[in-house]
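First the structure, in the form of C-alpha cells, and then the observations on it.
Values in this text are rule-based calculations from the coordinates and carry no lab data. Predicted model, so just to flag it, every value in this text is computed and none were measured. When we count neighbours, we look across all protein chains shown, and the Cβ atoms used for this are built from the backbone with ideal geometry, even at glycine.
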Amino acid sequence: MDIAVIGTGYVGLVSGVCFAEVGNNVICVDYDEQKIEKLQNLISPIYEPGIEQLMEKNLNAGRLAFTSDLAQAISQSELIIIAVGTPSLPNGEANLAYIEQAAMEIGKAMNSYKIIATKSTVPVGTNEHIQMIIAMNTLQSFDVVSIPEFLREGSAIDDTLHPDRIVLGIENPSLAAPLTELHRSFTDQIFVTSIRSAEMIKYASNAFLATKISFINEISNICEKVGADVTEVAKGMGQDKRIGSSFLSAGIGYGGSCFPKDTDALIQIAGNVDYEFQLLKSVVEVNKSQRYKVISKLEASLGPLSGKSIGIWGLSFKPNTDDIRYAPSIEIVETLIRAGARLKLYDPIAMEKFRERIDHPAIQWCENALEAATGSDAICLLTDWEEFKVVPLSQLIFVMEQPILIDGRNVFSKEQVQGTGLKYYSVGRPD
Ligand code: UGA
C-alpha cells in the first residue's frame, strides 16, 4: 500500500518505518524541515534502539522517504496516517490543535479518495470531528478510521512489528478486509470495532496499566509496614492468569508522555459526561505521592538533607530512552534541591535533556555511576537501566561518604547486596 504518515514523533516515525519494513511504500511528513533533513540523513529525532538501522535499510530499498511537502505526500498515498502529538492542556484535556491542523491540511491536499487513519491518542468522538474538518476542506470522498497505537518507548519497533493485537475502529464495513490485510504482516490478532470503541480502548488500556502500577505501589507501602516482600507478592499474584505478571513492579511510580497524560485526559473525558472516575483519580494521586517515598527514606536514614551529598542513578522515566517527560526524577531532584542537598546526577543518555529542564548550582553532572556515588552520603536509583545492575556494589563502600543505597526500582536482590557493607533500602521489601 502507498502510505503517508503525518508527524515523525515516536508513533509516526516508528509506524512509518515498520510499515515500510513489511513491504509498503511509506512517506513520512513533518512540517519541521530541519527534522526532515536529519531524517533524510538517517539521523533519528528520537532515541529508540534499532530505529536508524531500519530507516537506512528501508530508505535504501526505496520503500521509505521523508518530506515536508504534505500535499505531495497526500496526493501519492492511498492511506494517510495522522500521528501528531496530543499534549495535555493545563486542565488535563488533550490538546487537539495539531490534529485539527492536520485534518484541515489533508482535506485541502486530497486529489482522490483516501483512507485517513488516526493513530494519535484522541478523546472519544474526535474522529467524527476530524471527519467534519476534512469534509469542510474537500469535495473528494474519504473514510476516517481509528487505529490506536500500543507501542512502548524503548521497545517500540518490536512492539510494532509483533503487537499483542491491532485494533481497527471502522464505520465503513468495506474497509475491514483491506485494513486487516495491511496489518496481517504484524499479527493475526486483529479486532475490528466501532471508531468510538477503538478510541476508548486506547485510553482504557493505558488507564488499566497505570492502575496496576499504582495498585502494586500501594501494596508495597503496606508490605513495608507488615513485613511482607512486594516482589514475592507480585510474583504470587501474577501466576494467576486472570491477573498476569506484567506491570506489577513496585517502584517510584510511572512517568512518560503517555500514562500521566492519558489518565488525566480520561478523567476529563468522564467528567465531560458528568461521570466522576473516582478509581482513576486515586491512581493518579497514588502515583504522585509514590515518588516522595524516596525522600522519606533518605530523611529516615540521613536526617535533615541540607548539605548532604546525594548521588542519583537514572533520570529518564524508564530505561532505553532519553525521555524525561513526567519522569519521577524531576520532582525528586527539585525536592532535594529545595531541601538544600548537593546532587551528583548520572544517566546513561538522558542527562542532556534533563539539564535543559533543570540546571542548578547544587547539581554536579557525572560521567558514570561510580562518579555519582563518589563522596555521596547516599545513592538513589531512580531508573532501572541495565548498566546499574552490573555496578560492582562492593566498591561503593570505599568511595561513598556513607554507604546508603536507596533502590527506587527494586533492581538488586538481597543476595547481591549481602556482604557489600551497604545499608540498602528498596520498595516494599524488608530492609
Ligand atoms: C505506555 C504503554 O505501555 C504503551 O502500550 C502505550 O502505547 C504508550 O504508553 C502510549 O500510550 O504511547 P510507555 O509510556 O512507553 O508505554 O512506557 P511503559 O513501558 O508502559 O512504562 C510507563 C511507566 O510505568 C514507566 O515510568 C515505568 O517505569 C513504569 N512502570 C511500568 C512501573 O513503575 N512498573 C511496572 O510494572 C511497569
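Taking neighbour counts of Cβ atoms within 10 Å as a proxy for exposure, in what order, fewest first, do Ile115, Ile312, Ile243 appear? Please report the intermediate quantities before stating the final value.
On the way: Ile115 21, Ile312 27, Ile243 13.
Neighbour counts put them in this order, fewest first: Ile243, Ile115, Ile312.
Which residue, Thr118, Thr335, Thr263, tops the fluctuation ranking in a GNM of the chain built on C-alpha contacts under 10 Å?
In the Gaussian network model the winner is Thr335.
Tabulate in residue order the Karplus-calculated ³J(HN,Hα) for segment 156-162, using 6.51 cos²θ - 1.76 cosθ + 1.60 with θ = phi - 60°, rounded to whole Hz; enter x for Gly and Pro.
Each residue of segment 156-162 in turn: 5, 5, 5, 4, 7, 6, 10 Hz.
What is the angle, in °, between the Cα long axis of helix 10-21 and the longest principal axis of the Cα atoms in the chain? Nearest 10 is fine, range 0 to 90.
Approximately 60 degrees, to the nearest 10.
Which of Leu343, Pro304, Gly23 sits farthest toward the positive end of the charge dipole of the chain, with +1 on the Cβ of Lys and Arg and -1 on the Cβ of Asp and Glu?
Ranked along the dipole, the leading option is Pro304.
Counting only C-alpha contacts under 8 Å and six or more residues apart, can you give the relative contact order of the chain as a whole percent?
Details: 850 pairs, mean separation 49.1, N = 431.
So the answer I get is 11 percent.
What does the extension gain come out to for Asn41 and Glu415, with contour length at 0.36 nm per residue minus their alpha carbon separation?
129.9 nm
May I ask you to sort Ile337, Ile222 by Cβ crowding, counting other Cβ atoms within 10 Å and putting the fewest first? Present the calculation step by step, with values, prior to reporting the outcome.
Working: Ile337 17, Ile222 12.
Ascending number of Cβ neighbours within 10 Å: Ile222, Ile337.
Using the alpha-carbon atoms, what tilt in degrees (0 to 90, nearest 10) does helix 278-290 show relative to the longest principal axis of the chain?
Between helix and principal axis, roughly 50 degrees.
To the nearest 0.05, what FRET efficiency results for Gln72 and Gln34 with a Förster distance of 25 Å applied to their C-beta separation? If you can, show how the numbers build up before the last one.
Values: r = 19 Å, r/R0 = 0.75.
Rounded to the nearest 0.05, the efficiency is 0.85.
For Gln101 and Asn272 in the same chain, what is the full-extension length gain: residue separation times 0.36 nm, less their Cα-Cα distance, in nm?
Working: separation 171, 0.36 × 171 = 61.56 nm, distance 2.34 nm.
Value of the extension gain: 59.2 nm.
Taking neighbour counts of Cβ atoms within 10 Å as a proxy for exposure, in what order, fewest first, do Arg357, Arg242 appear?
The fewest-first ordering by Cβ neighbours comes to Arg242, Arg357.
Counting other Cβ atoms within 10 Å of each Cβ, which chymotrypsin sites (Phe, Trp or Tyr not before Pro) in segment 367-429 have at most 10 and sit in a DSSP loop?
For chymotrypsin sites (Phe, Trp or Tyr not before Pro) across segment 367-429 that sit outside H, G, I, E and B with at most 10 neighbouring Cβ atoms in 10 Å, the list is empty.
What is the set of long-range amide H partners of Arg342 at a cut-off below 5 Å, with H atoms built 1.01 Å from backbone N?
For Arg342, the qualifying residues are Gly307, Lys308, Ser309, Ile310.
Check the straight Cα-Cα distances from Lys38 and name the lysines below 25 Å, setting aside those fewer than 8 residues away within the same chain.
Straight-distance partners of Lys38: Lys57, Lys119, Lys353.
Nearest 500 deg cm²/dmol is fine: what mean residue ellipticity at 222 nm does the chain get from its DSSP H runs of n ≥ 4 alone, each adding -39,500 (n - 2.57), divided by its residue count?
Numbers: 19 runs with 189 residues, N = 431.
Using -39500 (n - 2.57) per qualifying helix, the result is -13000 deg cm²/dmol.
Please sort by residue number the GluC sites (Glu not before Pro) in segment 387-430 whose DSSP state is loop and whose Cβ has at most 15 other Cβ atoms within 10 Å.
In loop regions of segment 387-430 (DSSP not H, G, I, E or B), the sparsely surrounded GluC sites (Glu not before Pro) are Glu401.
Using the alpha-carbon atoms, what tilt in degrees (0 to 90, nearest 10) does helix 126-137 show relative to the longest principal axis of the chain?
40
Say the cut-off is 27 Å between C-alpha atoms; which of Lys108/Lys261; Lys114/Lys318; Lys318/Lys344 go over it?
Lys108/Lys261; Lys114/Lys318
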